[in-house]
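Heads up: the structure comes next, in structure tokens.
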Amino acid sequence: MRKSALIGALLATVVAAPAMANSDVAKLTADPNNWAMQTGDYFNHRYSKLDQINKGNVGSLKVAWSFSTGVLRGHEGSPLVIGDVMYLHTPFPNLVYALDLNNEGKILWKYSPKQDPSVIPVMCCDTVNRGLAYAEGIIILNQADTNVVALDAKTGKELWKATNGDPKKGETHTGTTLIVKNNVLVGMSGAEFGVRCHVTSYDLKTGKRLWRAYSMGPDSEILVDPKKTTNLGKPVGKDSSLKTWTGDQWKIGGGSSWGWFSYDADLNLFYYGTGNPSTWNPVQRAGPDGKPIDQLYTMTIFARNPDTGMAKWVYQMTPFDEWDYDGINEMILADIDVKGKKRKALVHFDRNGLAYTMDRATGELLVAEKYDPAVNWTTGVEFDKSSPRYGRPYVVAKYSTFQNGEDVNSQGICPAALGSKDQQPAAFSPKTGIFYVPTNHVCMDYEPFKVSYTAGQPYVGATLAMFPAPNSHGGTGNFIAWDAGKGKIVWSKPEKFSVWSGALATAGDVVFYGTLEGYLKAVDPANGKELFKHKTPSGIIGNVMTYSHKGKQYVGIFSGVGGWAGIGLAAGLTDPSAGLGAVGNYAGLSEYTALGGVLTVFSLP
Amino acid sequence: MMKLFSFMRPTLLGGLLVCGSVVGVGAVDLPVNDYPTATRADYVFGCMESNGRNRDVLMKCSCSIDEIAKLLSFDDYETAETLMSVGLKGGENADWLLHSPQNKKQIDLLKMAQVEAEIICFR
């Protein structure tokens, strides 16, 4: 079975290369009974054609079953379902479970990697993992310690393991992987530690490294062609990245690449964004003349060929970052009307508060508009093609942490560093043509200070205070519907807390998302009206998924944030890691909380 | 002190306690609170784990969550609980939750309610 799928894939690659993603993944994601990729499909739609659960009956959803992962801390991503088997991952230590859906979720196998716990302190933002990938009978686990592991999906047996980085330098893995043809595409976290991040391809069958493309550095290492790779329609030219850094700073340049990649088989291009330049103190990154300098290719949308890694086009959203507005958020590919014209578009909700609509074939900038009215650091992006500032945002001086300078507290900047939206992926419904976006409604004060670089130590260099967007509803989140062709909010539903859960849209005219209080919510895509809510055992930062088994549709969501609030209150703790220690002091409590993150699966009664 | 902060989250049997012991204040009144049973049970469980697994402690813990529920709406309780739980997540994005003045205030509300409850129930 596995063999034939494999041969099929190879044949397909040879015969009809342009249309082939990974034929197995393409086939599996086309069947809505599966949830075969973290993002639903290669286009990152997070949309399901299943419609048994619909607008009319979603209100009567009940918990069908649940599964405790046994691991505390933040549970991001979602399970995969392929046929009769569900595959789940956990945060560090990155356990993997295969559950038999024919047999009440019985554990078929469990994989427990041995990882050095010293990786934990070098993970900037909790020990999360955004999930497994599957193709041709192989499960790919992207471990925190940068080992990429291939498991036999039937047995859980390790097939190969490739080491992608060194946690001692601050290199870690948090993202999922994207499998395109025989390429397992792997990103990197660590911009907060001065890592020079990259995307690397490993061969699906052997784990052999095929190519690596850094986010910054010499042309040969970042895989751009000075003549053929374009930036807003023009060739990037020689040393396009090196020229935008002072001295050797590019060697510790950051530019993380752990977001949700997408892929267009017709164009044979995959897309991702890069994170912030290290450090967060812009003064230390200024050009030799003391003026802002772009730090390419941080904060950049990349379109690359998956076979060679070569970049087709690039676009930098936030040149010379002054606020930690990483560009890592997902790239959603959608064929939509943009200003009256049908386009093969790429839509990206950036942390900087602007939603970008690009032509994904050419990299032409079509729309860049604020998707939270609170955004104030910029007055917008220059659209005049004859301007030397074409495609660049205009920075409001008052909110420029660079112009205000080192050791000056720039106040009231919106959005905060966590962005108008972080990694939690939006959903796109081809049925409505609208995007459903979980957002943050948070502003900040930002004070940069001087830091020096030490390998494996945080290289941040700014003190931040964050707070809810002023003069608004008082909460720190919104769940919005966005028209990417017009660049306009269709509706906005206020949330008390930032929405850190990935959305799901379905053909049943329902949009799902989770909240930090732990509610799974279902809303009407037409107006955001709440149709259903149910409290799961803990806060939700995972992504909603759906699948169908034996004719019945299910909706699944991970819950699990930091820990049990009771622990913190019990000991009056402020240090998160101390909280975990406190659990150990009470045997009974440790049993209670050892249930850890929970997958809750819903269905109609 | 240990006892005090022992735990968060509420009780079911608290109802019985109030009915049984506070005679005259409406003998059949259930405590005025909108806390889900699971939330109350969670609190009592944690409270008993740190103060003792016996009947006496069960009554005190139940009393404690009922006092908290009198002082805080479930909405406020849930807000504080969410903040503390996400705060335990660690990392740059969770950090601000613990350090924003507004959020600190929410957490303090709950802690103050707990102190009140301790004075009343754990003397």
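The values are calculated or read from the model by the stated rules, or taken from the named source; none is laboratory data. Just so you know, these numbers come straight off a predicted model, no measurement behind them. Reconstructed Cβ throughout: ideal geometry from the backbone, glycine too, with neighbour counts over all protein chains shown.
For this structure, a couple of remarks:
- Count of region A:377-402 residues, restricted to those that are at pLDDT 95 or above, surrounded by 15 or more Cβ atoms within 10 Å (Cβ to Cβ) and among the polar types (S, T, N, Q), is 2.
- Test set (1) in a loop (DSSP other than H, G, I, E, B); (2) in contact (Cβ under 8 Å) with a residue 12 or more places away in the chain - A:GLY56 fails condition number: (2)
- Taken together, A:LYS157, A:LYS161, A:LYS169 contain a single residue that is more than 21 Å from A:TYR111 (Cβ to Cβ) and either surrounded by fewer than 24 Cβ atoms within 10 Å (Cβ to Cβ) or at pLDDT 95 or above (or both), which is A:LYS169.
- Among residues of region A:138-154 being of a type in the set (Val, Ile, Thr) and under 29 Å from A:PRO121 (Cα atoms), the one that is surrounded by the fewest Cβ atoms within 10 Å (Cβ to Cβ) is A:VAL149.
- Subset of region A:98-135 that is among the charged types (D, E, K, R) and surrounded by fewer than 23 Cβ atoms within 10 Å (Cβ to Cβ) - its residue that is farthest from the other protein chains (Cβ to nearest Cβ): A:ASP100
- Test: residue in region A:96-109 that is charged (D, E, K, R), in contact with a Phe, Trp or Tyr (Cβ under 8 Å, 6 or more places away or on another chain) and over 23 Å from A:ASP166 (Cβ atoms): yes
- For region A:482-503, the set of residues classified as away from chain B (no Cβ under 14 Å), closer than 13 Å to A:PRO438 by Cβ and surrounded by fewer than 23 Cβ atoms within 10 Å (Cβ to Cβ) consists of A:SER492, A:LYS493, A:PRO494, listed by residue number.
- A residue that is part of a helix (DSSP H, G or I) and at pLDDT below 95 occurs somewhere in region A:548-566.
- Of all the listed residues (B:ASP34, B:ASP95), the sole one being within 29 Å of A:ILE120 (Cα to Cα) and either charged (D, E, K, R) or modelled with pLDDT under 80 (or both) is B:ASP95.
- Criterion: farther than 23 Å from A:LEU132 by Cα and free of Cβ contacts under 8 Å to residues at least 60 places away in the same chain - qualifying residue of A:MET310, A:MET299: A:MET299
- Of the strands (runs of 3 or more DSSP E) lying entirely inside region A:356-454, those carrying at least 2 residues that are within 14 Å of chain B (Cβ to nearest Cβ) are A:410-413, A:434-440, A:442-448.
- Evaluation of A:THR476 against (1) at pLDDT below 95; (2) surrounded by fewer than 24 Cβ atoms within 10 Å (Cβ to Cβ); (3) among the hydroxyl-bearing types (Ser, Thr, Tyr) (one fails), failing number: (2)
- When residues of region A:467-480 are limited to those that are within 11 Å of another protein chain (Cβ to nearest Cβ) and touching a His at 6+ places or on another chain (Cβ under 8 Å), the one nearest to A:ALA426 (Cα to Cα): A:THR476
- For A:ASN527: the one exception among (1) within 14 Å of chain B (Cβ to nearest Cβ); (2) at pLDDT 95 or above; (3) surrounded by fewer than 24 Cβ atoms within 10 Å (Cβ to Cβ): (1)
- Residue pairs meeting the criteria (Cβ under 6 Å; at least 6 apart or on separate chains; first closer than 11 Å to A:LEU204 by Cα, in region A:169-182; second surrounded by fewer than 24 Cβ atoms within 10 Å (Cβ to Cβ) and among the charged types (D, E, K, R)): A:ASN182/A:ASP203
- Number of residues in region A:103-125 that are in contact with a strand residue (DSSP E or B) (Cβ under 7 Å, 6 or more places away or on another chain), under 28 Å from A:LYS168 (Cα atoms) and of a type in the set (Val, Ile, Thr): the value is 2.
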